[in-house]
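Structure first, commentary second.
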Amino acid sequence: MKEDRISQALQNDMVSRGIDVELSLSILERYNRGEFDHQRAVEVERLPEVDGSSVIDATGALSMRLSRAAARERFEDIGIDGTPEEFGEIDGNDVRFDHDALARIGVNLVPCTAYGVLNGGSATSYADEKKNRALDSSLFAVLEDRFRPLAERVRGMAKGLTPAYVTDTGDGPSFLELKMRSVLLLALEYQAETGRQLPDTFRPMFQMTSVNNDEEIGDAYEGYRESAILADLIETTGIDITDVRTGVQPMISAYTHSEEGRPKSVFDRAYGEQGRTLPLPGGHGQSFHILADVYRELLRDGFRFAYLGNVDNIGFTIEPATLARFALSRRPAAFEFSFRTPVDVKGGILVQDRSGVLTCGDIGPAVSKEEVFRAEAAGTSVLFNCATGLFDLQRLVADLDRINRDLPVRFSDQDKDAGRYSQAEQVTWEVIGMLERPLIFGVDKYRRFLAAKLLSETLMTSGVALDSPGYPSDPDPSKDLRGTAERLHRGLIEALEGEYGFRIRGDRFEPIPAAELTYGHDSSSNSR
């Protein structure tokens, strides 16, 4: 056992703080053996462009052409009940699927599509006044009256349980309630499209929580069965969407600072107290380890595809047309990147490295802002990471051991109140560069990437104080916060009226009762 390599007292302290001793020491031993020494920063060869094959523009209507033989083979492989000719248009020896046909195929894939949420964070940093004020002091001054009472309510809560938006009349539903509603609406659409009922044992949702919030989230789900936006859909579909498959992410220990040299050891002087360890999250990239058994269980239960995304992205829903386009492609995974906007100056973008592999590289460390601007000036559309993935579970489960072995573990030195230490993290989306020929969908940021890392961004998306004369605006689009907020708010309205099945009445957003929802072959039903 690895535990015998540290004192019992230190092991006891780690356990008392929610640290996974085995995992922490495994990472430490791998570091000291040099297993991570080969990991290098991304070396960019070029910024990929839309090519219609590996990088697809998904901001408008999608389409796909296959030979009739290939289409029949793929329909059989993914379990579509029907023939390609029933969905597509015959053109000689080919079948052409337009956007509506792909959307119908995607709806037919609902029984074998799981929906996963990375749900480990708390709202402490999200609601921190200093961080929110630093976004823009003029913006904070306009939002302050709404910010303070909301920050008090949500600070320390699991972020997924906090309001996804606010209105003049109060808080909206939580991020997680919205996501559950979107899945139930799709199940209802499947039943209307096919005339078949999903079994009451259907459990499509899965999540990664953390040791710090798993109990809180589980308790909230008990109440969600009576939620105003979920209860009638649960009754109508017969699906208990609150029965969520879960992997719980432990904390890992901090390690000694690089200045202390090699070998590293467990950091045991937190806040200057000898023998005190420091629990830290290991990054969402640990999800492939934490959710490994969940993925295997999903595959055993008949699921073929699995979405994975962040809880704080309102735009992250199951999208039938892109699901079908992916399912018919025979690719191992697909990822969403939005076409970069002027405000996207920090984060990951799609790059091709020097070995010809598509991967995600950060603006700054991997690609300079100047290089990004030059590429755009030359006509290249730069694609910004939306942190949304879609996996073929057969391929993913077969590859989990390799992914968990080789997904980079990045160590960074920290100098904070707790002391000088190093932190180990894995980034989920570095998996892109590990897969053979992943599919990339270029999407509309204001439809598919309505994310909020700070509470101020939630207030912007909610349209709070947009009529205030003090709302900061600027002719430079990269500095125009009013223009950004207006676009985010329009995106919210479109998502609520579409994927989330709400109607807008004045300043009230009301969920449409299940009995009033109608679906048909037209993919625009209920604004989808």
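The values are calculated or read from the model by the stated rules, or taken from the named source; none is laboratory data. Fair warning: this is a prediction, and the values are worked out from it, not measured in the lab. Every residue, glycine as well, gets a Cβ built from its backbone with ideal geometry; the counts of neighbours run over all protein chains shown.
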- Is it the case that the stretch 384-395 has a residue that's over 30 Å from Arg146 (Cβ atoms), surrounded by fewer than 16 Cβ atoms within 10 Å (Cβ to Cβ), acidic (Asp, Glu) and touching a residue at least 12 places away in the same chain (Cβ under 8 Å)? no
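Let me confirm something: among Glu510, Glu486, which residue is under 30 Å from Ala192 (Cβ atoms) and of a type in the set (D, E, K, R)?
Values: Glu486 fails: under 30 Å from Ala192 (Cβ atoms).
Of the residues listed, the single one that is under 30 Å from Ala192 (Cβ atoms) and of a type in the set (D, E, K, R) is Glu510.
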- Kindly provide the set of residues from the stretch 12-36 that are in contact (Cβ under 8 Å) with a residue 24 or more places away in the chain and on the phi > 0 side of the Ramachandran plot, ordered by number. Gly18
- Item | Neighbours by Cβ (under 7 Å, 6+ apart or cross-chain): first from the stretch 142-154, closer than 13 Å to Val166 by Cα and among the aliphatic types (A, V, I, L, M); second at pLDDT 95 or above and part of a helix (DSSP H, G or I) | Leu143/Ser456; Leu143/Leu459; Leu150/Leu455; Ala151/Leu455
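Of all residues in the stretch 431-487, which are closer than 18 Å to Ile314 by Cα and among the basic types (Lys, Arg)? Walk me through how you get there before you give the answer.
Just the residues of the stretch 431-487 that are closer than 18 Å to Ile314 by Cα, to begin with: 441-464, 484-487.
Passing the criteria: Lys445, Arg447, Arg448, Lys453, Arg487.
Taking the condition of being under 20 Å from Arg181 (Cβ atoms) and polar (S, T, N, Q), how many residues in the stretch 202-217 meet it? Give the steps one after another, and end with the answer.
Step one: filter the stretch 202-217 for residues under 20 Å from Arg181 (Cβ atoms), giving 202-207, 209, 217.
Those left that are additionally polar (S, T, N, Q): 207, 209.
Number satisfying all stated conditions: 2.
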- Message: Checking Asp301 against (1) touching a helix residue (DSSP H, G or I) at 6+ places or on another chain (Cβ under 7 Å); (2) farther than 24 Å from Thr359 by Cα; (3) not basic (Lys, Arg), only one condition comes out false. Which one?
- Response: (1)
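Would you mention how many residues in the stretch 57-77 are of a type outside the set (Asp, Glu) and out of contact with any strand residue (DSSP E or B) (no Cβ under 8 Å at 6 or more places or on another chain)? Reasoning before the result, please.
Within the stretch 57-77, the first condition is being of a type outside the set (Asp, Glu), and the residues that meet it are 58-72, 74-75.
Then drop every residue that is not out of contact with any strand residue (DSSP E or B) (no Cβ under 8 Å at 6 or more places or on another chain), which leaves 60-61, 69-70, 72, 75.
Residues meeting the conditions: 6.
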- Item | Residue satisfying condition, being in a loop (DSSP other than H, G, I, E, B) and within 26 Å of Ala292 (Cβ to Cβ), within set Ser355, Ser329 | Ser329
- In the list Met208, Met180, which residue meets the criterion of being hydrophobic (A, V, I, L, M, F, W, C), surrounded by 20 or more Cβ atoms within 10 Å (Cβ to Cβ) and not in a helix (DSSP H, G or I)? Met208
- Does the stretch 276-302 hold any residues that are under 16 Å from Ser253 (Cα atoms) and among the basic types (Lys, Arg), and which are they? Arg276
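Keeping to the stretch 31-84, report how many residues are acidic (Asp, Glu) and either farther than 18 Å from Cys360 by Cα or over 28 Å from the mean Cα position of the chain (by Cα) (or both).
First pass over the stretch 31-84, keeping only residues acidic (Asp, Glu): 35, 37, 43, 45, 49, 51, 57, 73, 76-77, 81.
Of the ones still in play, those that are also either farther than 18 Å from Cys360 by Cα or over 28 Å from the mean Cα position of the chain (by Cα) (or both) are 35, 37, 73, 76-77, 81.
Residues in the stretch 31-84 being acidic (Asp, Glu) and either farther than 18 Å from Cys360 by Cα or over 28 Å from the mean Cα position of the chain (by Cα) (or both): 6 in total.
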- Message: Condition first: farther than 22 Å from Asn119 by Cβ and crowded, with 22+ Cβ neighbours inside 10 Å. Can you find one or more residues in the stretch 281-289 that meet it?
- Response: no
- In the stretch 230-269, anything more than 32 Å from the chain's Cα centre (by Cα) and either surrounded by 17 or more Cβ atoms within 10 Å (Cβ to Cβ) or touching a residue at least 60 places away in the same chain (Cβ under 8 Å) (or both) is listed as Glu259, Arg262, Pro263, Lys264, Ser265, Asp268, Arg269
- Message: Please list, ordered by residue number, the helices (runs of 4 or more DSSP H) wholly in the stretch 220-326 having 3 or more residues that are closer than 30 Å to Ile6 by Cα.
- Response: 287-290
- Item | Residues being more than 30 Å from Pro199 (Cα to Cα) and either in contact (Cβ under 8 Å) with a residue 60 or more places away in the chain or in a helix (DSSP H, G or I) (or both) - total across the stretch 62-77 | 6
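Can you pull out every residue in the stretch 153-177 that is in a loop (DSSP other than H, G, I, E, B) and either within 19 Å of Glu319 (Cβ to Cβ) or within 17 Å of the chain's Cα centre (by Cα) (or both)? Steps first, answer last, please.
Here is the first cut: in the stretch 153-177, the ones in a loop (DSSP other than H, G, I, E, B) are 155-157, 162, 164-165, 168-169, 172-173.
Selection gives Thr162, Ala164.
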- Item | Val117 vs. criteria modelled with pLDDT of 90 or more, closer than 26 Å to Tyr165 by Cβ and surrounded by 21 or more Cβ atoms within 10 Å (Cβ to Cβ) | yes
- Could you list all residues from the stretch 78-105 that are surrounded by fewer than 22 Cβ atoms within 10 Å (Cβ to Cβ), part of a helix (DSSP H, G or I) and touching a residue at least 24 places away in the same chain (Cβ under 8 Å)? Ile78, His99, Asp100
- Any idea which of Ala134, Ala58 is hydrophobic (A, V, I, L, M, F, W, C), surrounded by 13 or more Cβ atoms within 10 Å (Cβ to Cβ) and either on the phi < 0 side of the Ramachandran plot or touching a His at 6+ places or on another chain (Cβ under 8 Å) (or both)? Ala58
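Got a number for residues in the stretch 112-150 being in a strand (DSSP E or B) and either of a type in the set (S, T, N, Q) or over 22 Å from the mean Cα position of the chain (by Cα) (or both)?
From the stretch 112-150, those in a strand (DSSP E or B) are 113-118, 122; that's our starting set.
With either of a type in the set (S, T, N, Q) or over 22 Å from the mean Cα position of the chain (by Cα) (or both) added as a condition, the list becomes 113, 122.
Of the residues in that region, 2 qualify.
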